[in-house]
Structure formats: C-alpha cells, structure tokens
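Encoded as structure tokens, the structure appears first; notes follow it.
The values are calculated or read from the model by the stated rules, or taken from the named source; none is laboratory data. From a predicted model like this one, the values you see are computed outputs, not experimental measurements. Cβ placement follows ideal geometry from the backbone for every residue including glycine, while neighbour counts extend to all protein chains displayed.
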DNA sequence: AGTCTATATTTCAGCAATGGAATTTCGGCT
DNA sequence: AGCCGAAATTCCATTGCTGAAATATAGACT
C-alpha cells in the first residue's frame, strides 16, 4: 500500500486485465466495489490508530460511545448488541475490557435482575472527551479535499447505492 | 442488520445523539465514513457468499484471479503478495489452499530457484469461468439503481476522497 | 573460489476478533 | 408450583492474519 490513489490504479489495471479476457465484466461496478471497500478499511484503520495506544479496539470504542451518548449514560449489554451489531458473546468480552479500564461500571439491574446495567464512569466521559479531538482532526483532514457539495453528492450516491442493494435482498440477511 | 438503509438511519441517529452532547463533531464526515465502511463490508460479504460453497475465501479468489488474468497464467507468490496486499506467510497458506483444490500448480522456478512458479490449471480456469456469471449478476443487481452518470460521479468522488486522504499522509504507511 | 549480504519461500507458534452451544439466573405466564 | 423464554456469561472453536526464525539460493564484492 503506497497510497490509496496508486492502489486504485493497480486495482483498475487488474480489473482491466480480467476484462480483456472475459466479456461482460462490469468493470465500473467492480472498481467501485473495490474502491469503497478499500476506502472503508483504510479510513477505519486510521481511526484505530488513535485508539490503539489506549488498548481499545474499534468495537470497544463504539460501545463506549453508545453509552456516552445515551440519555442517562447507561444501557444493558443486550441493548448495545443491537446498536453496534455484535453478538452477546462478544458483548461480554467488550464489557470486560471497558470495565477493566474503569471506563464503565457493571452492576445488576434492580428492576430486572437477569439484566446488567452498564454505565459510563466519569473517567469514561473524560476519556471520550480526550480522544475525540484527535479523531475529529484526523477525520476532517481526510475529508478536507471534498467540498460541502461533494459531500452532499457522495452522501446521496451512497444512500442510493444502499437502497439499490436493499432492493435485491429478498433472502434472509446474515 | 435489517437493511442497509435502516442501518444508515440508525448510524445517523447515533451520531446525531453524540453531536448534541459535544460541539464540533463533523457529523457529515462521520456518517460518510461509516456508510462507506458498512457498504464495503456488506457488499464484500455478498460476494463471499458465492465463494463459500466452494471453500474459498475472498483473498484466495483474488489470488486466483490475478493468476487467471496474468499474461501467461503464472506468477510467483511474492508477486501476488504485492498485487493482493498479503504477507508472504499468508500467501503460502493461500497457495496451499489453491493447490489442494487443484486450481493451481506449484513448481520450482527454473530461472531462479529461490522462487516458486504458480500457474493456474485448466480446472482453475474453468472454475473462474463457472463462478464469474453469478458474481457478475450479483454485482450488477446491486448497482442496478445507479445510472451511468451516478457511477461516474461516485467514481470521481471516491477518487477525490482517496487523493485527499493521501495528502494527509506523510508518516510511514503501515 | 570464498564470503557476505539480500531475497524468496516456508514453517512454527501465536494473536485478535468473533461465533455457536451450553449454562445460569431470572421474569412472566398459566 | 411449573414451565417457557430472555439475558448474560463461560467454554471452546474458527477464521484470517502475522512476526520471527529456518532454509535455500542468488548476486556482489574481494
């Protein structure tokens, strides 16, 4: 990986090469898919770099952010499962990590004692506040080359693509 | 995951909730990042569904496609490493899988005996030909909602985003 | 030729992230 | 009371990848 742009060039060369050997390859579609995937993983990896020194993975941070932004700073593992698309098994591990770092407390829910109430701690709130500036700066720098109009267009096109993909899905997801 | 569109709505709600609690969150950028990542993983997962019944992972298939589309149907593991962004260690494993399925042969390179020459077999070529129609159909269906103009715009915006991200990178990649 | 350094591949051991199945505890319904 | 289902956890397994060391060979320098 030299740069995203050169990666794109390599992708295009590879796809073109396939297209010359087989008719009917939708070159543009393949390239868009590959570019989207590559951008997604690369940008996510950059965000992870901010978290890594603190020993948190991206899913851990997502869970913490959900607690942070919830009305009363608390939620149950099961609720978070839905919000960050994780299985209960994994949610338990994420919770363990956050509790071990004293960013979150875990106590039994008094109303329904099957449940556990997770709550972000003051240290957790401080942690989020301390990390956001760096993440925001990285994000804004990455998007600096796009104007407001570009972003609106990109937003619109991505939503249109999502709707298009949804339309093809009649089988059971996942 | 109900649908991509509803996932997007949930993402936006979460981000908006954070934005109300902290000033300066670039909501549009965060949302774009999350949408791109989600689209990338979802679309890739759909492609993988085609491969799964055949016991191949996506990286395996990528390697096979590179061999397929190379001028003489052959390459060394090291060359493929660069083309599909994998480490040598992993490339060995991928090669093992492809050889075990008789899609590729592995023989010492006579010119440079440190090297190994991988070559796609006739069965490998047939395999690619047999799988492509299904992959192409799925891909075209997914992109059916975008017109040619949409695709050109999306391509342009993604490249612009890539260039913008590249511009922020002066530290050593990876 | 002999020696040294670099390259290509492989093996080994292991990690990170996740998932399924079974288990425990409890709520709610009959 | 008895039963079914939900929530969280534990245990074990899988997937996909990696670094370090080992092996074999090439190429350069003396």
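Output the number of residues of segment B:82-104 satisfying the condition of being more than 9 Å from DNA strand D (Cβ to nearest atom), within 14 Å of chain A (Cβ to nearest Cβ) and at positive phi.
Number satisfying all stated conditions: 0.
As an exercise: evaluate residue B:134 against (1) assigned to a helix (DSSP H, G or I); (2) surrounded by fewer than 16 Cβ atoms within 10 Å (Cβ to Cβ); (3) free of Cβ contacts under 8 Å to residues at least 40 places away in the same chain and give the number of the one condition it does not meet.
Failing condition for residue B:134: (3).
Kindly establish whether residue B:38 is under 30 Å from residue A:131 (Cα atoms) and more than 7 Å from every other protein chain (Cβ to nearest Cβ).
Criteria met by residue B:38.
Looking for whichever is surrounded by 19 or more Cβ atoms within 10 Å (Cβ to Cβ) and either over 19 Å from the mean Cα position of the chain (by Cα) or not in a helix (DSSP H, G or I) (or both) here; the options are A:80, A:67, A:118. Which one fits?
A:118
Just give me the residues in segment A:143-158 being part of a loop (DSSP other than H, G, I, E, B) and either in contact (Cβ under 8 Å) with a residue 40 or more places away in the chain or more than 7 Å from chain B (Cβ to nearest Cβ) (or both), in sequence order.
Matches in segment A:143-158: A:147 only.
Give segment A:44-58 a look and list any residue that's surrounded by fewer than 21 Cβ atoms within 10 Å (Cβ to Cβ), away from DNA strand D (no atom under 14 Å from the Cβ) and within 14 Å of residue A:103 (Cβ to Cβ), or say none.
Result: A:51, A:54, A:55.
Would you mind stating whether residue B:99 is closer than 14 Å to residue B:61 by Cα, in contact with a helix residue (DSSP H, G or I) (Cβ under 6 Å, 6 or more places away or on another chain) and modelled with pLDDT of 95 or more?
Considered against the rule, which asks whether it is closer than 14 Å to residue B:61 by Cα, in contact with a helix residue (DSSP H, G or I) (Cβ under 6 Å, 6 or more places away or on another chain) and modelled with pLDDT of 95 or more, residue B:99 comes out as no.
Of the conditions (1) closer than 15 Å to residue A:121 by Cβ; (2) more than 12 Å from chain B (Cβ to nearest Cβ), residue A:50 fails just one. Which one is it?
Single failed check for residue A:50: (1).
Condition test on residue B:161, is it facing another protein chain (nearest Cβ under 8 Å), in a loop (DSSP other than H, G, I, E, B) and surrounded by 19 or more Cβ atoms within 10 Å (Cβ to Cβ)?
For residue B:161, the condition - facing another protein chain (nearest Cβ under 8 Å), in a loop (DSSP other than H, G, I, E, B) and surrounded by 19 or more Cβ atoms within 10 Å (Cβ to Cβ) - is not met.
Which one is surrounded by the most Cβ atoms within 10 Å (Cβ to Cβ) among residues in segment A:9-30 that are closer than 22 Å to residue B:45 by Cβ and within 7 Å of chain B (Cβ to nearest Cβ)?
Out of the qualifying residues, it is A:30.
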